[in-house]
Every structure is written in structure tokens, then in C-alpha cells.
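One structure is given below, encoded as C-alpha cells.
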Amino acid sequence: MLADSFIKTKSIDPFILSLVKNIGEKRSLLDDVETIKTNKEFANIECKEEGREFYIENEFHKAKRFRKLHVEVAEFSNNLKILHCVFFPDPFFNIPIFGLDLVKTKNVVSAAIVDLSPVSKSKF
């Protein structure tokens, strides 16, 4: 179920959709995954004003060992597309913060960043 949660996204970009599906599938493998209830104003933000069209979709989950799993898809005037994903570990576990940002402009990937940030001084 969770792996398909973004299938309803307004994004039609096949590359971003494939990444979102992959993230969802991996997320669903975590133990005790639950949706974090958020204000609906922050879950989906949309402007339909001509020339300024945009939408932002957010999903928030938590799981055993992770206090927040955030996935966001955004598209602005059909020219700028963004995928943002951050997995924040529970501070009681020595797991790095995982971050991913992908930016496409005019259907070309212009930035792709993946980061693992340690949360303690100990080595893995």
C-alpha cells in the first residue's frame, strides 16, 4: 500500500515517478511504517493561476528506527520538477540522515544530490 501512495501524484514525469515508486517500495520494507498525520494545507499545495501554475505534494511517515520519512514532489509551470526525500533516524539509533534531491529543468536533470549525514561521532 505505501509503495503505491504517490501513484496518485499529479506528476507525469516518468523518471521522477519511477524514483518515487522505488522510494515507496523501499520505505514499505521498514518495520512498523505509519503515516504521520499533517495539516492538509501542507500535504498538497496548488496554484492554478495561468502562468504561475504549481503544485507541491508531501508525504510524511514514521517507522521503527526512523522518526520521520519525508517525500515531496513539486512541479512549477511544467518547467521545473523537484523530488525531495529525507529519512530522519530516531536519535536512539546510530543511523545517518538520508537525503535526496533531484531537480529537472525543461526535462533535463540539472541537479542530483544524495547525502548521508552522520548523527553521531561514532563510525559505522
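The values are calculated or read from the model by the stated rules, or taken from the named source; none is laboratory data. Computed from a predicted model, the values in this text were never measured in an experiment. When we count neighbours, we look across all protein chains shown, and the Cβ atoms used for this are built from the backbone with ideal geometry, even at glycine.
Values computed for the structure shown
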quantity	calculated
Of all residues making up region 94-109, the number that are part of a strand (DSSP E or B) and surrounded by 11 or more Cβ atoms within 10 Å (Cβ to Cβ)	10
Output for region 66-88, where each listed residue is more than 15 Å from the chain's Cα centre (by Cα) and either surrounded by 15 or more Cβ atoms within 10 Å (Cβ to Cβ) or not in a loop (DSSP other than H, G, I, E, B) (or both)	76, 80
Sole exception among (1) assigned to a helix (DSSP H, G or I); (2) of a type in the set (Phe, Trp, Tyr); (3) closer than 23 Å to residue 108 by Cα for residue 55, by number	(1)
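Conditions (1) on the phi > 0 side of the Ramachandran plot; (2) at pLDDT below 95; (3) of a type outside the set (Ser, Thr, Tyr), marked per residue:
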{"position": "7", "(1), (2), (3)": "no, yes, yes"}
{"position": "11", "(1), (2), (3)": "no, yes, no"}
{"position": "14", "(1), (2), (3)": "no, yes, yes"}
{"position": "18", "(1), (2), (3)": "no, yes, no"}
{"position": "29", "(1), (2), (3)": "no, no, yes"}
{"position": "40", "(1), (2), (3)": "no, yes, yes"}
{"position": "48", "(1), (2), (3)": "no, yes, yes"}
{"position": "52", "(1), (2), (3)": "no, yes, yes"}
{"position": "56", "(1), (2), (3)": "no, yes, yes"}
